[in-house]
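K.L.:
This is the structure, below, for whatever I ask next.
The values are calculated or read from the model by the stated rules, or taken from the named source; none is laboratory data. In this text the structure is predicted, and so the values were computed from the model without any measurement. Don't worry about glycine lacking a Cβ; one is built from the backbone with ideal geometry, like all the others, and counts go over all protein chains shown. When the accessible area is computed, the model is the full protein with side chains, heavy atoms only, and any ligands, DNA or RNA have been set aside. Shrake-Rupley method; radii C 1.70, N 1.55, O 1.52, S 1.80 Å.
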Amino acid sequence: MQSRGGSGVIAIKTESGVAGALSVRENDEVMLLTHSGQAIRSPVKDIRTTGRVAQGVRLIRLEPGDKLVGLCRIIEVEEEEA
């Protein structure tokens, strides 16, 4: 709740910055791509949930000088019966 004259609500608290944010569902996966060519695909159900005041969940450790260049949601595709 925010009362009148307030200065806002903190959405994400971090020390090093936020690379991106996605809206996902339980059965989706996320793909992370780095400048050096590293790619990580992770199921959303394996990522732990935190409260609003937490500092988030680390999904990838970058080498010094490397940067995250891509973040995308991979939706679950239901296979058709042949």
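K.L.:
Output the residue which, of all residues in the range 39-82 that are polar (S, T, N, Q) and open to solvent by 60 Å² or more (accessible area, probe 1.4 Å), is modelled with the highest pLDDT. Full working, then the answer.
P.N.:
Start the filter on the range 39-82 by keeping residues that are polar (S, T, N, Q), which leaves 42, 49-50, 55.
Add one more test, that the residue is open to solvent by 60 Å² or more (accessible area, probe 1.4 Å), and what stays is 49, 55.
Numbers: 49: 84, 55: 72.
Going through the qualifying residues, I end up with 49.
K.L.:
Pull out all pairs, ordered by first then second residue, where Cβ-Cβ is under 7 Å, the residues are six or more apart or on different chains, the first lies in the range 29-42 and is over 22 Å from residue 76 (Cα atoms), and the second is of a type outside the set (Val, Ile, Thr) and open to solvent by 40 Å² or more (accessible area, probe 1.4 Å).
P.N.:
Final answer for the pair search is 34/62; 34/67; 34/68; 35/67; 36/63.
Every residue, every condition in (1) among the acidic types (Asp, Glu); (2) more than 10 Å from the chain's Cα centre (by Cα), yes or no:
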{"site": "24", "(1), (2)": "no, no"}
{"site": "29", "(1), (2)": "yes, yes"}
{"site": "33", "(1), (2)": "no, yes"}
{"site": "39", "(1), (2)": "no, yes"}
{"site": "45", "(1), (2)": "no, yes"}
{"site": "49", "(1), (2)": "no, yes"}
{"site": "53", "(1), (2)": "no, yes"}
{"site": "56", "(1), (2)": "no, no"}
{"site": "61", "(1), (2)": "no, yes"}
